[in-house]
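Report on one structure; see the data block that follows.
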Amino acid sequence: MRIAIYPGTFDPVTNGHLDILKRVTAFFDEVIVAVAVDSNKATLFSLEERIQLLETSTQDMPHVKVKGFQGLTVEFAREWGASAIIRGLRAMQDFEYEFQLALMNKKLAKDIETIFLMTQSEYSFISSSSIKWVASLEGSISEFVPAHVEQAIYKKYHRDGE
């Protein structure tokens, strides 16, 4: 069975993340969305909330599982029998960071490949950070995230989601 992991903070999950996930499921029997606990980022949502948002977002994807993890991504990949780590790229600056990460992961786990997927152009400017910023300023984010994620973000910012 071909298993891949798609790691990230997913704070929050965006339509860009879901696009990468939908596309990668064509290449693997199972894809595990690995929601990181120990990120260098301060998160808006707790680990449990991020997992729940992703589970709802992927409920129609039968070959996708969502798991939280702490520690090295390659160790999580080994634990679940994954042969690949999926990473999405939006711009050149993403590539530089992701390339360094992939080289480190390869040094730590020679048997696990990193696969990069370019985001589709309509998602190339979307980031979780920019979505949170727009929502905090009461802007519309409906075209960037699933409806249930939009509601959850507005609730965090003390809005009713309208």
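Points worth noting:
- Solvent-accessible area per residue for the range 18-85 (1.4 angstrom probe, square angstrom): 51 Å²
- Cα pair distances exceeding 15 angstrom across the range 1-53, given as percent: 48 percent
- Chain lengthening between Leu72 and Arg2 when straightened (0.36 nm per residue, less Cα-Cα): 23.1 nm
- Atom-type composition of the exposed protein surface of the chain places 53 percent of the accessible area on carbon and sulfur (1.4 angstrom probe).
- The chain: most fluctuating residue of Asp19, Asp60, Asp11 per GNM, C-alpha cutoff 10 Å: Asp60
- Spin-label model distance (nm) - Ser46 vs Tyr97, 7 Å beyond Cα toward Cβ: 2.6 nm
- Unsatisfied cross-links (Cα-Cα over 23 Å) in the set Lys41/Lys156; Lys65/Lys107; Lys22/Lys65; Lys41/Lys132: Lys65/Lys107
- Helical mean residue ellipticity (222 nm; -39500 (n - 2.57) per DSSP H run of 4+; nearest 500) of the chain: -12000 deg cm²/dmol
- Selection from Trp80, Leu108, Gln70 lying farthest towards where the dipole of the chain points positive, charges on Cβ: Leu108
- Around the Cα centre of the range 1-104, unit charges on the Cβ atoms of Lys, Arg, Asp and Glu (plus for the first two, minus for the last two) sum to a dipole of about 180 debye.
The values are calculated or read from the model by the stated rules, or taken from the named source; none is laboratory data. Keep in mind that this is a model prediction, so the values were computed, not measured. Counting neighbours? That spans all protein chains shown, and the Cβs are built from the backbone with ideal geometry, glycine included. For the accessible areas, the whole protein counts, side chains as well, though only heavy atoms, and no ligand, DNA or RNA atoms are used. Shrake-Rupley method; radii C 1.70, N 1.55, O 1.52, S 1.80 Å.
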